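Please read the structure below before turning to the comments.
Just so you know, all these numbers are worked out from the coordinates, no wet-lab data involved. On a predicted model such as this, the values are computed, not experimentally measured, just so you know. Counting neighbours? That spans all protein chains shown, and the Cβs are built from the backbone with ideal geometry, glycine included.
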Amino acid sequence: MFNSQMNLSSSKYLPRFRSIIFPLIIIVAAFIAYYNSFYCAWHLDDFHAIVDYDYDSISLWRLILLRKQRSFGFVTFFLNYKLCGYNVLGWHIVNFIIHVINSLLIYLITCRLFIQTEILENHPQKKLFGYVTALVIAVIFAVHPIQTSAVTYIVQRIELLGTMFIFLSFYFFLLLFSTKKMSSKVLLGFCGFICIALGALTKETIVVAPVLMGAYIVIVKLKSWKSRLLVILFTSIAAIAVAVAALIMFKAITFSPALHFSAKPFEVLWHDAGESPIVYYSTQIRVLLRFLRLCIFPYGQCVEFWMNPSTSLTNLHVLFASAIHLSIIGFALFMWRKRPFILFGIFWFYIFMMPSSILPNGIFEHRLYAALAGLLIAIFIPIGYELLNHPLRIRKTAGIISLSLVACLIISFIFMSRLRNNVWKSEYSLWRECATISPNNWRANVNYGYALLNRGKYNDAKFYLEKSFNQKSNVWAVANNLGLLYSYINDIDGSIRMFEHGLKLKPKNRLLKANLGACYLEKGRISKGTNLLFSARTKESFITLGNYFLQKRNYNEALKCYERVLKKYPDDVDALAGKQAILKLKVIR
């Protein structure tokens, strides 16, 4: 792919470029692509998992017990909060650092994949060729615009960390092949096991790790079918063991009083999905094709895509997508003997997509974070080998041309990533784009309507919020946001109707109780309103109660409400103002 006749390929300069210059290029490229994301706002699950989570009053051990399934990720949230509070810059920098680590790991992994062959073992010029190919893959992985969702969306640190542990375990696995000392093999195996254990405490995608290791042995290393079958059997057992461990963690498998399997932990997921498994899996075949296109041609990106659900596996669009997937896999199998990394890279992509495709999931770009590396391996390592096998003169010319094309690609990806980061700057810009690209996406409409509501654009907000309610009326958040709009335009009856509808869908939701209670007070339904506000037990509900009691001159009850808020939120402006007003009134009296 590149000119391997440079003096840099001498054994004197090769270690310097491999260990210092090339990693530095990766870091600088990633920084240029992402430094404008460091002040992007909180979004979506950031509030549930970070902003609204009470990290002040919970111990680290208690947090681990409460968040067993993804405890390692929440430990980093806890430490991040202790270090910089809710200063969004500190949170983005940590995400960026993890992304850089993953990019460097891809560089190291690809170096091992490319150079672990006899032809390059003692050939510095050709080794440099391999290192530059690895550099290209790592830089594209680092700056590809499809990665912005995982890097810039703070709560997706879970995705970044889960990927990091898979990459680390796979890298230790590759090192194990190249060392001959038994003590080193044991140490590397132990390190790989620790990474898998930490990955199991981070994200369920860790099940990919043993499958990826088995795929490397079967596709790249082994030549006989007997040995391949043995590895497939061993890998399957390991993957099943990891899957069973995950099911035990989810309490889908229990052993007391006897062995029992329950699908109950997953019923909530399917209930929230709003569609049957057959519809979901039929649609996922088309979703995977969309994801493939986004990796190669990343245009038309948005925070969440929308597809009309496919009703069956025999749907024409599903059959067409299936044919393309089978053609890609068929081509990779055809090229297996000559170019095994095509098959390995394609397998990497599909196996990383599998966990998020099995359980109901939206069409989110962050699902592609680790899978992208597989496609890059499938494309660039075979191209590198193809050019490497040509005579020196042809290789030199082809290397210069390839380097120029790749440089243009990387520059364009950096530019696109910076544009994507600008979209993530605010809730308004993020959902405006999504509602424009996916007008049939109810989630896009309800979130864009809410953003418009916060900007005081009530007429525009009404259009999008009512549109989302017509599309998906069985979601409590849709009813809640529409109820808020009606309260802002003084349609209290409409607000009550929406909040009551939302509570039927989510009877224990505290936000709906607080909003409905406030509306009841405004309509003079005092008993119902105060009961709901007390049962909501949120900061907003106690402030509403405090304001009501203050208006009715019930100063003692009002003071109790404000002090309950200030006990947990000592700097809350509304509670402080209410308490100060009561104290002044008492002094005057």
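Multiplying the residue separation of VAL244 and ILE358 by 0.36 nm and removing their Cα-Cα distance gives an extension gain of 39.5 nm. With all projection directions averaged, the alpha carbon convex hull of segment 45-112 covers 5.5 nm².
Which shape class applies to segment 447-499: rounded if a/c is under 1.5, otherwise prolate when a/b exceeds b/c and oblate if not, where a ≥ b ≥ c are the square roots of the Cα gyration tensor eigenvalues? It is oblate, given that a/c is not under 1.5 and a/b is not larger than b/c.
Summing +1 for each Lys or Arg and -1 for each Asp or Glu, what net charge is found among the other residues whose Cβ lies under 12 Å from the Cβ of ILE146? Its environment carries a net charge of +3. Per-residue ellipticity at 222 nm from helix content only, as computed over the chain with -39500 (n - 2.57) for each DSSP H run of at least four residues, stands at -23000 deg cm²/dmol. Distance between the pseudo-spin-label points of LEU233 and ASP56 (7 Å out from Cα toward the beta carbon): 6.0 nm. Legend: distances between Cα atoms for LYS528/LYS552; LYS457/LYS504; LYS82/LYS567; LYS462/LYS513; LYS513/LYS560; pairs beyond 26 Å are LYS457/LYS504. The distance separating the Cα centre of segment 345-374 from that of segment 476-550 comes to 40 Å. Only one of the listed values, [x] 17, 48, 26, 8, 1; [y] 18, 41, 26, 13, 3, 0; [z] 17, 33, 26, 18, 6, 0, was derived from the coordinates as P(r) over Cα pairs in 20 Å bins from 0, in percent; which label is it? For P(r) over Cα pairs in 20 Å bins from 0, in percent, the calculated option is [x].
For the chain, the cysteines with no partner cysteine C-beta closer than 4.7 Å are CYS40, CYS84, CYS111, CYS191, CYS195, CYS295, CYS408, CYS519, CYS561.
The residue among LEU516, ASN454, ALA371 whose Cα reaches farthest toward the positive pole of the charge dipole of the chain, with charges on the beta-carbon of Lys, Arg, Asp and Glu, is ALA371.
Let me check I've understood the local charge: for LEU532, count other residues with C-beta under 13 angstrom from its C-beta, Lys and Arg +1, Asp and Glu -1. What total comes out? Residues near LEU532 contribute +4 overall. In degrees between 0 and 90, to the nearest 10, how far off the longest principal axis of the chain does helix 88-115 point, with axes built from Cα atoms? With both axes taken from Cα atoms, the answer is about 20 degrees. If you take all other residues with their beta carbon under 14 Å from the beta carbon of ILE158, and give Lys and Arg +1 and Asp and Glu -1, the sum is +2. Charge dipole of the chain (Cα centre as origin; +1 on each Lys and Arg Cβ, -1 on each Asp and Glu Cβ, all else neutral): 860 debye, rounded to the nearest 20. When the trypsin sites (Lys or Arg not before Pro) in segment 485-554 are filtered for DSSP coil states and for at most 16 other beta-carbon atoms within 10 Å of their beta-carbon, the remaining sites are LYS508, LYS523, ARG525, ARG537, LYS552, ARG553. Relative to one another, the C-alpha centroids of segment 434-463 and segment 305-335 are positioned 32 Å apart. Loop-located trypsin sites (Lys or Arg not before Pro) in segment 184-252 (DSSP state not H, G, I, E or B) with no more than 14 neighbouring Cβ atoms inside 10 Å: LYS223, LYS251.
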